[in-house]
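What follows is calculated from the coordinates using simple rules that are stated; it is not laboratory data. The structure displayed is predicted, hence computed values, not measured ones. In this analysis, Cβ positions are derived from the backbone assuming ideal geometry, glycine residues included, and neighbour counts consider all displayed protein chains.
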Amino acid sequence: MRTVFRTWSMAATVLLLLLFLGVLAAPTAVRAQQRGGAAARSARDAAPIDLTGYWVSYVTENWRYRMVTPAKGEYRRIPSSPAALPLINAWDPAADERAGNQCKSYGAGAIMSVPGRLHITWQDADTLRIETDAGTQTRLFHFSQSASAAASQASSGPRSWQGESTATWERATGGDGGGGGGSLRVVTSNLRAGYLRKNGVPYSERATVTEHFDVAPLPDGGRLLLVTTIVEDPVYLIGPYVVSPHFKKEADGSKWDPTPCSSTW
Amino acid sequence: MLIHLVARRAAVALLFAVLAASKASAQFDFVGSWAPLATEDIQNDSLPVDYLGLALTDEARTRALSYDESQKSMIERQCAGWGAAYMVLGPFGLRVTSQTDPVTNRVVSFTIGAWEDWNEMIIWMDGRPRPSEHALHTHAGFTVGRWEGGALAARTTHVKAGFIRKTGVPLTDQATIDWRFFRHGDLLTVLMVATDPVYLVEPEIVSKSFRLSRTTLDYRAECVPAYEGHEPGDSIPHFAPDQNPFIDEFMKLYHLPREAVLGYRETLYPEYRKKIKDTYVPPPPCTESCGAAGNFVLRRQ
């Protein structure tokens, strides 16, 4: 009997020691995956959350600034600088149209607040693509392995409404629910000067847009996409302009309705 | 035998340590003061009959139209405050503290400090069961939280019947509110999803961001009821829903469509924008006395 007990005791100890070593090795393996391993895994494979699919704006905030064009001169809630005021008061949508600038309010600083639908896909393993039906804009989020690569990417090429965007996953591990999760961080620069609001409240080409994409479940089983957007501009803002538009997931693209940019609506 | 015992104890201790470490990495530091950012418009000007951005049932609309803000002047209602949803609807910041178990050091609860017109909210983190559905319902309700996917997720039940907007839009005691607190650096974004089987056709979804404050914020203030024109026992100020004298005020000020101001569901989706495209006329630029809160540029050139 004692021999049997001793054998079981030895076996249990060996098992515990194996567990011990496994536990010791696990975080190292995770870290390796996040560093060296991440180099081998594409951004698509490493995605802690799934953003792909069709999403529709659910406009419960800033309704008066988003669903209709506010009166000329209204910039409430936007920390515009004194340098912005002459531009705000001089807003001329017809002149924008004539100059081919009808997409000025659809740039990266504002596009997520424009009511419409998003179609999010992977263009390739390391590039997330967001198309908008409102204004038919396309944003490309490039996942970069190094800060220097991201910096050179951000400053390359001509300025555009959507600029150059570098993306990183911000990963959460564990939690009560387990299973990790996380968030997408996107930094956009190299922008053409645009409008934060349809009525001509400006941001300059020196603006930087930082966005955090989070997802959350809805009580009816649906999914919500929350995009916390921070616009910083040393020229036309005296502080960060922060908004957080949200979107509901849709089953398919049956309501996708591309409409061109408009400087008045 | 001793070596077996030591090995076993060490393994178990290490297992607990690693599990605790992995759990902690999913959490963020919620404790502190969070200053509000006033860059989003949720309650607009708090003008009467503004239900913009809501999807109301007909019953809710009728009840809201019967609301008279003078109710808040009644001495017995002056200190009633607002319900849980006011956390993201109101103008104040958040002062978050935590309470820990003295033995295990585990967080038992977070408390979001009270404002002058909002009761403190306790988020229980110890997995305690919800009370009976017949238990006391309060303005703050009963809230249980858990860490999930890098965010703090919480659900509030047991709220007292009240309002989801200061303009008198009602919420029943059957409402539930789901919260997500996301932290990105010094920015805290609070997502609220309120559902009410009686008064909301679709959930009211509001998100609001706060910035970490280096100084301690404290919005507590004593409420001292005083005579404001209504004697105790007076009838409750109200309107017949179809005779609310303020029904056009907000609508006319900003040239807004009636169905949007009255909280119809369709007005929350992009299709509605296309529908009103050819009929909407923006208000003229303001040059003086610009709106309820000075909302326009005052032509300072």
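Neighbouring Cβ atoms within 10 Å as the yardstick, rank B:Met74, B:Met121 fewest first. Please report the intermediate quantities before stating the final value.
Numbers: B:Met74 20, B:Met121 24.
Going from sparsest to densest Cβ surroundings: B:Met74, B:Met121.
Across chain B, the longest run free of exposed loop sites, meaning GluC sites (Glu not before Pro) lying outside DSSP classes H, G, I, E and B with no more than 14 other Cβ atoms within 10 Å, spans B:134-221. Given C-alpha coordinates of chain B, what is the ratio Rg to Rh with the Kirkwood estimate of Rh? Rounded to two decimals, Rg over Rh is 1.06.
Averaging Cα coordinates gives a centre for region B:37-103 and one for region A:42-94; these two points are 25 Å apart.
Using DSSP, restrict attention to beta bridges with both residues in region B:102-253 and report what percent are antiparallel, rounded to the nearest 5. All intermediate terms of the calculation are to be shown ahead of the outcome.
Values: 37 of 40 bridges.
Taking every DSSP beta bridge with both residues in region B:102-253, the antiparallel ones total about 90 percent.
Between the amide H of A:Glu170 and those of A:Ser183, A:Leu184, A:Arg185, distances stay under 5 Å, these residues lying 5 or more places away or on another chain, with hydrogens modeled in the peptide plane.
What number, rounded to the nearest 500 deg cm²/dmol, is the helix-based mean residue ellipticity at 222 nm of chain B, given -39500 (n - 2.57) per DSSP H run of at least four residues and division by all its residues? Write out the running numbers ahead of the final one.
Details: 6 runs with 52 residues, N = 301.
Helix contribution divided over all residues of chain B: -5000 deg cm²/dmol.
If R0 equals 25 Å, the separation of the Cβ atoms of A:Asp257 and A:Leu140 corresponds to a calculated FRET efficiency of about 0.65.
Computed extension gain for A:Leu87 through A:Asp220, at 0.36 nm per residue and net of the alpha carbon distance, reaches 43.4 nm. A straight line joining the Cα centroids of region A:211-231 and region B:169-197 runs 12 Å.
Spin-label model, B:His255 to B:Val108: label points 7 Å out along the Cα-to-beta-carbon direction sit 5.9 nm apart. Karplus-derived 3J(HN,Hα) values for region A:202-208, using 6.51 cos²θ - 1.76 cosθ + 1.60 with θ = phi - 60°, are x, 10, 8, 6, 8, 5, 10 Hz; glycine and proline are entered as x.
Arrange the following residues from fewest to most other Cβ atoms within 10 Å of their Cβ: A:Phe213, A:Phe143. Mind dumping the intermediate values first?
On the way: A:Phe213 25, A:Phe143 22.
If I rank by nearby Cβ atoms, fewest first, I get A:Phe143, A:Phe213.
Between B:Ser213 and B:Ser33, B:Trp34, B:Ala35, the built amide H atoms are under 5 Å apart, and every one of these is 5 or more places off in sequence or on another chain.
Restricting region B:176-230 to trypsin sites (Lys or Arg not before Pro) that sit in a DSSP loop and have at most 14 other Cβ atoms within 10 Å of their own Cβ leaves B:Arg214, B:Arg220.
Can you pull out the chymotrypsin sites (Phe, Trp or Tyr not before Pro) in region B:163-242 whose DSSP state is coil and whose Cβ has at most 10 other Cβ atoms within 10 Å? Spell out each step's value before the answer.
Numbers: sites: B:Phe163, B:Trp179, B:Phe181, B:Phe182, B:Tyr199, B:Phe210, B:Tyr219, B:Tyr227, B:Phe239; in loops: B:Tyr199, B:Tyr219, B:Tyr227, B:Phe239.
Sites meeting the loop and neighbour criteria: B:Tyr227.
Would you please state which residues of region B:97-134 a label at B:Cys79 would reach in this model, taking the label point 7 Å out along Cα→Cβ and a backbone N cut-off of under 15 Å? Correct set: B:115-120. Modelled label positions at B:Arg128 and B:Arg146, each set 7 Å beyond Cα in the direction of Cβ, lie 1.8 nm from each other. Looking at B:Gly145, B:Gln71, B:Thr57, which one has the Cα that reaches farthest to the positive end of the dipole of region B:18-159 (charges on Cβ: Lys, Arg +1; Asp, Glu -1)? Farthest towards the positive end: B:Gly145.
Each residue of region B:85-102 was assigned a 3J(HN,Hα) from its phi angle through the Karplus expression (A = 6.51, B = -1.76, C = 1.60, θ = phi - 60°), giving 4, 5, 4, 9, 8, x, x, 8, x, 10, 10, 10, 10, 10, 10, 10, 6, x Hz with x at Gly and Pro. Sorted fewest first by neighbouring Cβ atoms within 10 angstrom, B:Ile276, A:Ile88 come out as B:Ile276, A:Ile88.
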